[in-house]
1. Could you work out the helix-only [θ] at 222 nm for the chain, with each DSSP H run of four or more residues adding -39,500 (n - 2.57) and the total divided by the number of residues, to the nearest 500 deg cm²/dmol?
2. Rank-order 61-67, 104-110 by packing density, defined as the average count of other C-beta atoms within 10 Å over each peptide's residues, highest first.
3. When we measure straight from the Cα of LYS208, which lysines land under 17 angstrom away, once same-chain ones fewer than 8 places off are left out?
4. Regarding the chain, what whole-number volume in Å³ per residue does the convex hull of its Cα atoms give?
5. For region 1-102, what are the per-bin percents of Cα-Cα distances with bins 10 Å wide, up to the bin holding the maximum?
6. Based on alpha-carbon centroids, what's the gap between region 170-217 and region 30-91 in Å, whole number please?
7. How large is the direction-averaged shadow of the alpha-carbon convex hull of region 138-217, in nm²?
Amino acid sequence: MNLILFGPPGSGKGTQSERLVSKYAMTHISTGDALRAAIRNKTDVGIRAQQVMESGELVNDDIVTDLLRDIIRPLREQTASFLFDGYPRTVEQIHRLETLCDEFGLPSPALINLEVPEETLILRLTGRRICSECRATFNIYFSPTRQPGVCDLCAGPLTKRVDDNPETVRERLRVYHEQSFPVLDHYRELGQLYSIDATGSTEEVSQKIAKVIEENY
Ligand code: AMP
């Protein structure tokens, strides 16, 4: 079983991916995480992607697809199921993913779409805080730390993702509507689209995802 976890920025793809991976022994691939790692490590890809990501735009299809191929290649042998988080994000990337699946002998993935209203997305993104030491995630509106700016788990300092400022968030949502939303049509036509109301608690949403998986796979 291969799955795409899809949804606008702030819909909870990263959080739900962590749960799915432990529940179903899937290998999680987040192109956003991979790009952020490339930026931290100052690789060629990171240097080319940094400015684009900070502005809220999408990184070029060639760059992201090459990165994805490089991630899949060493994992393919020992992995039965991949969970794609944040890819495909354009209609062109759907075709690129199909080519990659052929190349690596992977079944075509189904898509689980996390639906969240825009007002909630804005609060989730602009309120998100991440521990710079243990990477735990909090939110000043929905899940604040006991002491502002300090991680509840390890007492490390909290930081914000550079693209979580209000202006970039607006741009990321605009880009999502314009370039990513049309991806859904393709999976709808294939009968491989499963949409979920993702406004509830992490546990509620993860139960809805589990239901889709268990009823269909
Ligand atoms: P995410 O962590 O998934 O929210 O991604 C953060 C940023 O990484 C996005 O706003 C894009 O700039 C870039 N990015 C991640 N995945 C892709 C992709 N599949 N195609 C293009 N850009 C991407």
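Every number in this text was worked out from the coordinates using simple rules, so none of it is lab data. Please read all numbers here as calculations on a predicted model, not as lab measurements. A quick note on method: Cβ atoms are made from the backbone with ideal geometry, for glycine too, and the neighbour counts reach across all protein chains shown.
1. Roughly -15000 deg cm²/dmol at 222 nm, from the helical runs in the chain.
2. 61-67, 104-110
3. Leaving aside lysines fewer than 8 places away in the same chain, those within reach of LYS208 are LYS13, LYS23.
4. Output value, Cα hull per residue: 125 Å³.
5. With a bin width of 10 Å, the distribution comes to 14, 48, 34, 3.
6. With region 170-217 and region 30-91 each reduced to a Cα centre, they are spaced 20 Å.
7. Details: hull surface 30.9 nm².
Mean projected area of the Cα convex hull: 7.7 nm².
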